[in-house]
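Have a look at the structure below, then the notes.
Bear in mind these aren't lab numbers, they're just calculated from the coordinates by the rules spelled out. Bear in mind that the values here come from a model prediction, so they are computed numbers and not experimental data. Glycine gets a Cβ as well: all are built from the backbone with ideal geometry, and neighbour counts include every protein chain shown.
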Amino acid sequence: MDAIRSDLENRELALLAPYAAHSAASLGRAHPEPEHSLRPAFQRDRDRIIHTTAFRRLEYKTQVFVNHEGDHYRTRLTHTIEVGQIARSIARALSLNEELAEAVALAHDLGHPPFGHAGEKVLDDLMVDSGGFEHNLQALRIVEVMERRYPGFPGLNLTWETREGIIKHMPAYTGPMPEGLSNEIALSLEAQAVDVADEIAYNNHDLDDAMRSELFSEEDAMEASLWAEHYEAARSAYPTAEADAIRHETIRRIVNAQVNDLIESARERIKALSLRDLADVRLRGHGVASFSEEMSRRNLELKAFLMRRMYRNERVVHLGEEARRTITALFEAYIENPDLLPEHVARREKIDGRPRMVCDYISGMTDRFIVEQRDRLIAG
C-alpha cells in the first residue's frame with residue numbers, strides 16, 4: 001500500500017513547481033511515526049485538523065456578528081472554509097502544494113476565543129502578567145498540546161511546515177517563536193498564499209455581512225474604489241437583476257480581481273528573483289505572494305472603509321463591551337474558585353499554572369457556551 005503514497009509524492013514532483021513544498025521533503029514531525037500508506041504528509045496534516053474538537057467549535061465562534069444574531073452571517077468555520085478555498089485556488093495557479101496550503105488555512109483560526117478579536121484583546125489584557133494571549137500562538141498550542149487524540153504523543157504531531165504556517169501565516173508576525181521555528185527565514189509560498197487568502201476572504205465577506213445587516217448600503221460602499229468599480233460593472237452587465245444578486249456578483253468580481261492580481265504579481269516576483277527551490281524561497285522569498293502596489297493601495301482603502309463603517313459601528317462596538325464583561329467575569333470566577341472547572345481542565349494547573357489553565361479553557365469556549373456559563377455561574 002505504501003506504493004500509493006509514493007505515487008502521489010512522485011506526482012507532486014512532476015506537477016508542482018521546484019519552489020513549492022514537497023511532501024516527501026518535509027522536515028518531519030516532532031514525534032517520529034511511520035508514514036501513512038495512502039496519504040502524503042501534508043494531506044495527513046489536513047485530515048487531522050478537520051477531525052479536531054477545536055475545528056468543530058469554529059461553527060459557533062464569532063467572525064464579526066455573534067452566532068445568535070442570525071443564521072446567515074459568517075462564522076469562524078465558514079470563514080475558514082472560504083480561506084481554504086481561496087488558498088487552494090492560488091496554490092494551484094502557482095503550482096504550489098494545495099494540501100499544505102489547505103492544512104494551514106483550516107488551522108489558522110483554531111486559536112480564536114469566543115467573541116472574535118474583541119475576545120482576544122480581553123484575554124491578552126487579563127494575561128498580561130502571565131505571557132499574554134495571541135490567537136496564532138494559541139492555534140499552535142492547540143495542535144501541539146491541547147488536542148489529545150493520539151495515545152503516542154500530545155497534540156496532532158503535525159509536520160514542521162504546517163506548524164510554521166500556523167504560527168506565521170501573517171508575515172508581519174515578530175512575536176515569540178516556539179522551539180524549532182524561526183523568524184529569520186521567509187515563509188513557504190503556501191503559507192504566504194494563506195495569509196493573503198485570509199485577507200481577501202474576510203474583507204469581502206465582511207462587506208456582504210455588513211450590507212445584509214444594514215450597517216451600510218451598496219451606495220455607501222462607493223467610497224471604496226474596488227467596490228465602486230465592480231458594482232458598476234455588475235449593474236451594467238445585469239441591469240434587471242435583483243439587488244442581492246448584484247451584491248453577490250460584485251463581491252465575486254472583487255475576489256476574482258484580487259486573486260488574479262496576487263497570482264500575476266507572485267509570478268512576476270518569482271521570475272525576477274529566479275527562485276529555484278524552496279531553499280531559495282526561505283532565503284529571498286519574503287513577500288513574494290502579495291498584491292501589486294496598486295491593488296495593495298485599493299485593498300487598504302477598502303479596509304479603511306470597513307473600519308469606519310463596520311468595525312466602529314455601535315452594534316459591533318457593543319459586542320466588544322459584552323466580550324469584556326463576560327470573559328472578565330468568568331476569568332476572575334475561575335481564578336478565585338478553580339473547583340468550578342471540569343476535572344480534566346483543573347488537572348492542567350500543575351503543568352501550566354492557574355492563569356494559563358483558565359485562559360485555555362475560556363479561549364476554547366464557543367460564543368453560546370460562554371454565555372451559558374456566565375449566566376449559570378455569575379448571573380445565577
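Okay, here's what the table says:
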| item | result |
| --- | --- |
| Cβ-based exposure ranking for LYS168, LYS303, LYS350, LYS61, in which fewest neighbours within 10 Å come first | LYS350, LYS303, LYS168, LYS61 |
| Ranked packing of 312-320, 245-253, most packed first, by mean Cβ within 10 Å | 245-253, 312-320 |
| For the stretch 182-244: span of alpha carbons on each principal axis (Å, largest first) | 53, 25, 19 |
| Order of HIS205, HIS51 under a 10 Å beta carbon neighbour criterion, fewest first | HIS51, HIS205 |
| Global size of the chain as Cα Rg and Dmax, reported in angstrom | 21.7, 66 |
| Shape call, the stretch 320-379: gyration tensor on alpha carbons, a/c limit 1.5 | prolate |
| Extension gain (nm, one decimal) between ASP125 and ARG56, 0.36 nm per residue minus Cα-Cα | 22.2 nm |
| Distance between modelled label sites at ASP220 and GLU293, nm, 7 Å Cα→Cβ extension | 3.4 |
| Estimated inter-spin distance, ASP2 and ARG282, nm [label 7 Å along Cα→Cβ] | 2.5 |
| Exposure proxy ranking, count of Cβ atoms within 10 Å, fewest first, for ASP339, ASP208 | ASP339, ASP208 |
| Lys, Arg +1 and Asp, Glu -1 on Cβ, resulting dipole of the chain about Cα centre, debye, nearest 20 | 620 |
| Label-point separation, SER274 to ARG315 (7 Å along Cα→Cβ), nm | 5.5 |
| Average Cα contact separation per residue, the stretch 320-379, under 8 Å, 6 or more apart, as relative contact order % | 44 |
| Length gained when the stretch ILE335-LYS303 is fully extended (0.36 nm per residue, less Cα-Cα span) | 7.7 nm |
| For the stretch 326-380 versus the stretch 21-37, the gap between their alpha-carbon centres in whole angstrom | 36 |
| Separation between Cα centres of the stretch 284-323 and the stretch 204-281, rounded to whole Å | 14 |
| Karplus 3J(HN,Hα) series, Hz, for the stretch 109-114 with 6.51 cos²θ - 1.76 cosθ + 1.60 (x for Gly, Pro) | 10, 4, x, 5, x, x |
| The chain - percent relative contact order, Cα under 8 Å, separation 6 or more | 20 |
| Area projected by the alpha carbon convex hull of the stretch 1-158, averaged over all directions, nm² | 11.0 |
| Dipole axis of the chain (+1 Lys, Arg; -1 Asp, Glu on Cβ), positive-most option in MET307, SER95, ALA197 | SER95 |
| Three-way shape call for the stretch 209-320 based on the alpha-carbon gyration tensor, with the a/c threshold at 1.5 | oblate |
| Positive-end extreme of charge dipole, the chain - chosen from ALA234, SER292, MET222 (charges on Cβ) | SER292 |
